[in-house]
Every structure is written in structure tokens, then in C-alpha cells.
1. Size of the dipole of the chain about the Cα centre, Lys and Arg at +1 and Asp and Glu at -1 on the beta carbon, nothing else charged, in debye to 20?
2. Extent of region 76-125 along each principal axis, from alpha carbon coordinates, in Å, largest to smallest?
3. Out of VAL50, VAL33, VAL97, any idea which swings most in a Gaussian network model of the chain, alpha carbons joined below 10 Å?
4. Could you give each residue of region 117-122 its phi-based ³J(HN,Hα) in whole Hz, using Karplus coefficients 6.51, -1.76, 1.60 with θ = phi - 60°, and x for Gly or Pro?
5. Taking a temperature of 20 °C and a viscosity of 1.002 mPa s, what whole-number D in µm²/s does Stokes-Einstein yield for the chain with Rh from Kirkwood over alpha carbon pairs?
6. For the chain, what's the relative contact order in percent, using C-alpha pairs closer than 8 Å and at least 6 residues apart?
7. Whats the longest run of the chain with zero chymotrypsin sites (Phe, Trp or Tyr not before Pro) that are DSSP loop and have at most 16 other Cβ atoms within 10 Å?
8. Under 10 Å, Cα contacts only: if you run a Gaussian network model on the chain, which one of PRO78, PRO13, PRO116 comes out with the highest mean-square fluctuation?
Amino acid sequence: PDIADRARGFGMPSAIVDGNDVREVRRRTQEAVALARSGGGPTLIECKTVRWERHSGFSSGGLDPEEAQRWKKTDPLPRLRASMLQEGLSPQTIDNVEEEVRTIIVEAVEFARNSPLPGAESVFEGIYA
């Protein structure tokens, strides 16, 4: 049930986190990055979450409507927003950050769409063995 358990077979540390908790994912990721940068090697982080819709034509389909509603209540973005509001951030401040992020995403997508496709030889890049 836990993919993170497979890390033991590789002598790696692992962590299982609530994939809908942005701050917990960030905290665990920062720990893993610090460990890797200090020479401690990789960490397998398993973020538990749910896919609301089908992943491909081969997957079994989306969630039933009741389960989908339950999961949407734990969606990471509204959950983070509610947490930040409780901590005293203003709705306007949060809206401003969201707008900045939307702009960054639009620019990144546009950059990707306008970039040339990689050459066939790139399939061999980043291969270790």
C-alpha cells in the first residue's frame, strides 16, 4: 500500500506525507534536498493524494460523485488559502500572489509551446548506466 516502503530495498530514506498539505510536502522536500546536498543521497517522498479524474484511456475512471466531493474539501489550494487567512494574511495579498503565479504559469506554457522540439539524441541524456 505504501510505495515509500520500496526505498528500503535501495538503502534510501523515505517519507509518506499528506500530498494535499502544501506546507508538509514543502517541509519534507526541504529535508530531502538538504540530505542530498550534504551527500546523504536521494529520498523517496510519497505524497498521498487522489486523482479526481481518469488518468488515461486505460484507467478505471473518475471517483464517484460523493467521494469526489469529500476529496475536493481537502484540495491543497483552498486548504492553504484557508490556513493563510487564519494566520492573518489578507484576501487581497493572497489574490495578488495567485495572480503572479498565474502569470508565471502562462509565460512558462507559452515558452514551452514556442520552443523547438528536442532532437532524437536527447533520449540518451541523463542515462546513468
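1. 340
2. 51, 20, 12
3. Looking only at VAL50, VAL33, VAL97, the largest GNM fluctuation is found for VAL97.
4. Rounded to whole hertz, the list is 5, x, x, 4, 5, 5.
5. 115
6. Computed over the chain, the figure is 19 percent.
7. The longest uninterrupted stretch comes out as 59-127.
8. Top of the fluctuation ranking is PRO116.
Readers should treat all values here as calculations from the given coordinates under stated rules, not as data from a laboratory. Quick caveat, the model's predicted, so the values are computed rather than measured. Reconstructed Cβ throughout: ideal geometry from the backbone, glycine too, with neighbour counts over all protein chains shown.
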